[in-house]
Amino acid sequence: MKVLENAADEQVLIEAAQRDPSQFAELYESNFDRVYAFIARRVPSRQDAEDLTSEVFHEALRNLVRFEWRGVPFAAWLLGIAGNQLADRWRRAGKHQEVPANDWDETGSDAKIEENLILFQLVNELPPDQRLVVCRRFVDQKSLREIAQELRRSEGAIKQLQFRALQGLRTRMRNRHV
């Protein structure tokens with residue numbers, strides 16, 4: 001798996017793939033593990049994870065021409081597609097299956113997964129600079145110092161963006177539960 005050196009490299013690859021879909025392979029290779037891991041933690045079998053990961057990349061390739069670069073990692077867009085694919089699958093499965101009366105753990109797990117999907121959607125609605133910091137910090141797992149260097153801002157500015165983003169997310173999550 002090739003790890004892209006920086007956002008500029010990723011942007012160049014995206015633009016190349018938008019012009020020529022055969023260039024999508026490098027984006028696929030650099031993001032496959034992250035998307036597969038995201039899905040695998042949320043589905044019961046390896047086969048389901050493989051199927052859904054395939055669907056995510058097909059959907060991404062199909063919609064790549066509409067992708068707009070905003071400085072947020074391409075993986076965030078892919079994970080958004082994955083979240084939508086998972087939600088669709090759960091919705092379809094929920095219409096066809098009853099939850100066993102004695103299976104409380106699974107019910108709690110579904111609620112947690114649904115909450116995570118809502119959180120992911122709320123992150124996508126954050127202002128671009130806050131969304132970028134949250135994605136770099138929690139998706140890419142970069143340190144505040146690394147993000148500050150990448151964005152050419154002070155660590156204090158990055159901490160403030162992270163604080164505002166998390167505070168906004170908490171408030172919006174609480175408001176959804178009221």
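For every residue, the table says whether it meets (1) surrounded by fewer than 12 Cβ atoms within 10 Å (Cβ to Cβ); (2) charged (D, E, K, R).
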| residue | (1), (2) |
| --- | --- |
| 16 | no, no |
| 24 | no, no |
| 48 | no, yes |
| 66 | yes, yes |
| 83 | no, no |
| 90 | no, no |
| 93 | yes, no |
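Within the option set 43, 56, 12, being without any contact (Cβ under 8 Å) to a residue 12 or more places away in the chain and either outside any loop (DSSP other than H, G, I, E, B) or out of contact with any Pro (no Cβ under 7 Å at 6 or more places or on another chain) (or both) holds for one residue only, 12.
Residue 82 falls short on exactly one of the conditions (1) closer than 19 Å to residue 34 by Cβ; (2) at pLDDT below 80, and that condition is (2).
I'd like to verify a number: residues in the range 124-178 that are among the acidic types (Asp, Glu), more than 20 Å from residue 10 (Cα to Cα) and not in a loop (DSSP other than H, G, I, E, B), how many?
Initially, the range 124-178 is screened for residues among the acidic types (Asp, Glu), giving 125, 129, 140, 146, 150, 155.
Adding the requirement that they be more than 20 Å from residue 10 (Cα to Cα) leaves 125, 155.
This time we only want the ones that are not in a loop (DSSP other than H, G, I, E, B), so: 155.
Matching residues across the range 124-178 total 1.
Residue 106 meets all of the listed conditions (1) at pLDDT 65 or above; (2) farther than 21 Å from residue 169 by Cα but one, namely (1). Just one of the numbered conditions (1) among the small types (Gly, Ala, Ser); (2) under 15 Å from the mean Cα position of the chain (by Cα); (3) modelled with pLDDT of 90 or more is not true of residue 16: (2).
Exactly one residue among 41, 70 is loosely packed, with under 14 Cβ neighbours inside 10 Å and either over 15 Å from the mean Cα position of the chain (by Cα) or over 19 Å from residue 118 (Cβ atoms) (or both), and that residue is 70.
Scanning the range 19-69 for residues that are farther than 13 Å from residue 81 by Cβ and among the β-branched types (Val, Ile, Thr) gives 43, 65.
Conditions (1) touching a helix residue (DSSP H, G or I) at 6+ places or on another chain (Cβ under 8 Å); (2) within 19 Å of residue 121 (Cβ to Cβ), marked per residue:
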residue: 38; (1), (2): yes, yes
residue: 42; (1), (2): yes, yes
residue: 46; (1), (2): yes, no
residue: 51; (1), (2): no, no
residue: 66; (1), (2): no, yes
residue: 69; (1), (2): yes, no
residue: 77; (1), (2): yes, yes
residue: 82; (1), (2): yes, yes
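The values are calculated or read from the model by the stated rules, or taken from the named source; none is laboratory data. Since the structure is predicted, the reported quantities are computational estimates derived from the model, not experimental observations. Here the Cβ is made from the backbone with ideal geometry for all residues, glycine too, and neighbour counts use every protein chain on show.
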